[in-house]
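The values are calculated or read from the model by the stated rules, or taken from the named source; none is laboratory data. Everything numeric in this text was worked out from a predicted model, so none of it was measured. Cβ atoms come from the backbone with ideal geometry, glycine included; neighbour counts cover every protein chain shown. Areas reflect the complete protein model, heavy atoms only, side chains present, ligands, DNA and RNA absent. Shrake-Rupley method; radii C 1.70, N 1.55, O 1.52, S 1.80 Å.
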Amino acid sequence: MDKFRIQGGRPLEGEIAISGAKNSALPALAACLLTSDPVKLTRIPPVRDIRTMEQLLEHAGASIARDAGSMTVQAGKLDRPEAPYELVKTMRASSLVLGPLVARTGRARVSMPGGCAIGARPINLHVSALEQLGATIRQSHGYVEAEAPDGLKGTLVQFDRITVTGTEDVLMAAVLAQGETVIHNAAREPEVQDLAVLLNKMGARIEGAGSSTIRVHGVGRLHGAEHTIIADRIEAGTFLIAGAMTHGDLVIADCVPEHLDALVSKLKQAGAEVRQVRPGALGVRSKGRWRAADITTEEYPGFATDLQAQYLAMMTLAEGISFVTETIFENRFMHTQELARMGANIRVEGRQAIVAGVRELTGAQVLASDLRASASLVLAGLVAQGETIVDRVYHIDRGYEKIEEKLARVGARIERVS
Ligand code: EPU
């Protein structure tokens, strides 16, 4: 199993280019199931979750042609509209194929995702929204089976709580439903907006994506299109924190700065200097010890839960005490125990971590528990005294494109060992 070996203490200097967003590429690939025409997607990040989604599409009957930097998916005939357990168990976002499969073929069979390291992560909200659109849903033998032989019907969908992939799933179902669908309490994440842009290019009629009310006028069919995926704001945020923590002088290029407003404002509060150096590029610098600054994770445009672990790693070295409150997932503090092994002083009480800043971390052998937790351990390793070994980096490979190569190019001493 691969590990990262990191020697801490090197400032990061230079420029890092950001890849396409994993969480935008995943629904975009699922959306290809909605038409029999080819859809060409550019800036798909070559990460493991994307490979899993490709396998799901191929399993259902789609063919995929890969080119340097782009991918063309053609879902001509979908003989097997299902997502098997073997694939779903490695990636919860597999439930994204439920909406498009039932909309396109009138039936879908998708394995239920189990719990995972960060929380229970049920899909009840996806299921009840599809029922409101007229699908009949049965759950048996670990699978969700949806049927809508006469097609879906537009309606009012009111989400009880905000769900990102739930909103995306329903959006993909509603584009082919008869009549109008109005989604209330929709997720406002940039990835939802990016999906709507793609669907509209394919002939859908969606208004309001990016706000909490989305209106969809159903159409009879969708056609092929070409689309470039937006920049990964979580990858960009991870590197911004790395630049601040290592006292470097780093430029994060090819990103969308306004998607990072909540993080940038916290980094500035903590004492880092962050500025837009040119369109689509943020520079980060810091000197001396940074200050503690509290965060509470929220849905977009609030502070992203996917950056909580990385920011918490930074706070372990801050001057003062910070409160890190996690409101999205119930169990997203696994990294705190590993950070404690490196000398961090953290107490977790329910949904809050209380972090008392220490003067230094020391390198240790640590274990990655999930994607973003692994990133936080890499960041801690970059500033710890001596050597850090991060084990189980397959978690990080799920969502970051060659993170060790990108970091090494700007001065980090990090290598992959098996
Ligand atoms: N929830 C339910 N029922 C549902 C759906 C969600 O109770 O049917 C709960 C969840 O358990 C959670 C909350 O609602 O407590 C919000 O979950 P959401 O559905 O928004 O999360 P998701 O769509 O499964 C996406 C990202 C996650 C990111 C979250 C929150 C993708 C593929 N995944 O997950 O990304 O943390 O939104 O922003 O878009 C990651 O990339 O590391 C990652 C975990």
Beta bridges per DSSP with both ends in the chain, % antiparallel, nearest 5: 70 percent
Can you give the angle from 0 to 90° between the axis of helix 164-174 and the longest principal axis of the chain, with both taken from C-alpha atoms, to the nearest 10? 20 degrees
Along region 368-379, what does the Karplus equation 6.51 cos²θ - 1.76 cosθ + 1.60 (θ = phi - 60°) give for ³J(HN,Hα), rounded to whole Hz, x for Gly and Pro? 6, 10, 7, 3, 6, 4, 4, 4, 5, 6, 5, 4
Counting only DSSP loop positions in region 334-377, the trypsin sites (Lys or Arg not before Pro) whose Cβ has at most 10 other Cβ atoms within 10 Å are R359
Tally the DSSP beta bridges in region 22-228 and give the antiparallel ones as a percent, rounded to 5. 70 percent
Express in nm, to one decimal, how much length is gained between A340 and E387 on full extension, taking 0.36 nm for each residue of separation and deducting their alpha carbon distance. 15.4 nm
The chain: most fluctuating residue of R109, R332, R161 per GNM, C-alpha cutoff 10 Å: R161
Computed, not fitted: 222 nm per-residue ellipticity of the chain from DSSP H runs ≥ 4 (each -39500 (n - 2.57)), nearest 500, equal to -9000 deg cm²/dmol
Using a basic spin-label model with each label point 7 Å from the Cα along Cα→Cβ, how many nm lie between S128 and R5? 5.2 nm
Going by alpha carbons, how many degrees (0 to 90, nearest 10) lie between the helix axis of 233-245 and the longest principal axis of the chain? 0 degrees
When the convex hull of its Cα atoms is projected in every direction, mean area for the chain (nm²): 18.1 nm²
Region 379-418, dipole about Cα centre (Lys/Arg Cβ +1, Asp/Glu Cβ -1), debye to the nearest 20: 100 debye
Using modelled amide H (1.01 Å from N, peptide plane; none on Pro or chain starts), what sits under 5 Å from the amide H of N345, excluding residues fewer than 5 places away? A356, V358
Around F4, under 12 Å between beta carbons, what's the net of Lys plus Arg minus Asp minus Glu among the other residues? -1
Taking all protein chains in place and a 1.4 Å probe, what share, in percent, of the accessible surface of region 22-228 do carbon and sulfur account for? 46 percent
Filtered pair list for the chain (Lys only, Cα < 25 Å, 8 or more apart or interchain) has a length of 22
Which of rounded, prolate or oblate describes region 8-144 when judged by the alpha-carbon gyration tensor and an a/c cut-off of 1.5? oblate
Report, to the nearest 10°, how far helix 261-270 tilts away from the longest principal axis of the Cα atoms in the chain, using its own Cα long axis and a range of 0 to 90°. 10 degrees
Rounded, prolate or oblate: which fits region 243-348, taking a ≥ b ≥ c as square roots of the Cα gyration tensor eigenvalues, rounded meaning a/c under 1.5, else prolate when a/b beats b/c? oblate
Once Lys and Arg are counted +1 and Asp and Glu -1 for all other residues with Cβ under 14 Å from that of S36, the total becomes +1
Environment charge of A340, counting only residues whose C-beta is closer than 15 Å and scoring Lys/Arg +1, Asp/Glu -1: -1
R0 of 30 Å, Cβ-Cβ distance Q158-M112: FRET efficiency to nearest 0.05: 0.85
In debye, nearest 20: dipole of region 22-228 around its Cα centre with unit charges on the Cβ of K, R (+) and D, E (-)? 160 debye
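Quick check for me: using +1 on Lys/Arg Cβ and -1 on Asp/Glu Cβ, what's the dipole size of the chain about its Cα centre, in debye to the nearest 20?
It works out to roughly 420 debye.
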Ranked packing of 16-27, 79-90, most packed first, by mean Cβ within 10 Å: 16-27, 79-90
Can you tell me how region 22-228 classifies by the Cα gyration tensor, rounded, prolate or oblate, using a/c under 1.5 as the rounded cut? rounded
